[in-house]
Structure formats: structure tokens, C-alpha cells
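In what follows, a single structure is set out as C-alpha cells and then discussed.
Coordinate-derived values only; no laboratory data. Computed from a predicted model, the values in this text were never measured in an experiment. Note: ideal-geometry Cβ built from the backbone for every residue, glycine included; neighbour counts use all protein chains shown.
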């Protein structure tokens, strides 16, 4: 039997507004609340995870820097990057954090492969890579046996702001995107494939 899920395609949104709504949703959900998947692009913003909260600047080159309650360190969001928020009751789905990370990796790798892009994961560094360059970042939080936040896949965006930071707190990481490998893709196509892979690998059925 498939698990029911509500899918919301939010378009381009301010990061803080989505962050606020996501935390409110998680705080007030109960065992009967349906899981939700939010697909969104963000207006340009740097976000800092809990590991790096003490390293705070208000802006970097006029791009706002905002603290988040997800795991990890600093990253960048902007239009052309597909962000997927997984608001899931892990206890109900019988998924632990290790299985969740495995499923995210599998979903992203299969999506890339659909577009003839061969990605790989790294047991020492979370996320998905093309060669030595990172194409997908993962940041999660577990609260009341539920997951919030998710992952961000670079599709076709301006990568330059990544060069102003150490992505994920690692000075050796360089970022890349799907467009650099396949010029014939659109974010809309990627979003459609990602959603199909998410529903398949999580054994879910969309109810709205």
C-alpha cells in the first residue's frame, strides 16, 4: 500500500518565509498529518546550518546570510536550483536517518542518470558529485520523529556566489550544475523527473 503525500510546487519564494512555514508545519503536525513534499526555487540567499552558526555575516556581496536549524554549514540558494523539502513522518514510514540519506542519494543519482549524467556519492562528504565537483547538497533536521529541510540540486543557475564561500564549510569543494553537462534540460523537466523518483522510491502516492 502506497503512503499518501501532498505535493506543493511553490515556484520562486523567499527562503525565510518557506523556512518559517516549514517549521510551523512540523511543530503542529501530529500522527494523522499527511506528509508533504515542497518543490521550490529560492531568491538568492546564503543559509548557515547549526554546525557553523557562530560564523555569521549579515550579507556577502549584497546577498543575505540567514541562520537555519538544519544540519551542515553554509550553502547558497538561487533560482535555477531545485530545492526539495521532505516533510515526512519517519516513524510512520519506518525510515531511519541512514535509510533517508540513502533514499535521497538514490533519487538524485537516478534523476541525473535520466538526463545522461553520471553522479556519485561520497561516504566522507554528504551530497552528490560529478567527478570532484558537487552538484547536490543535503541538509536535514529531525524533530518529533519527523524530517524537515531536504536537498538542493543545481540545474541551471549562476554558480559564481558559491565562490564567495566554502560550500558546506569545505574550501576544497567546487560546485557544478546539470546544465554544464547537458545543455538541453530545463528546471521544469528536472522537477518532473525528481518528483516521479521521490514518489517511487518512497512508495508514495500524491493526493493533491
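Quick notes on this one:
- Cα centroid of segment 103-140 to Cα centroid of segment 76-101, whole Å: 14 Å
- Max mean-square fluctuation residue, GNM over the chain, Cα-Cα springs under 10 Å, options 74, 118, 107: 118
- Percent of C-alpha pairs per 10 Å bin, the chain, short to long: 8, 37, 39, 15, 1
- With contributions of -39500 (n - 2.57) from each DSSP H run of at least four residues, the per-residue ellipticity at 222 nm computed over the chain stands at -7500 deg cm²/dmol.
- At q = 0.15, 0.17, 0.18 Å⁻¹, base-10 log of I(q)/I(0) for segment 99-203 (Debye sum, equal scatterers on each alpha carbon): -0.63, -0.81, -0.91
- Segment 3-206 - share of DSSP beta bridges that are antiparallel (%, nearest 5): 65 percent
- Sorted peptide list for 178-184, 64-70, 137-143, criterion being average Cβ within 10 angstrom, highest first: 137-143, 64-70, 178-184
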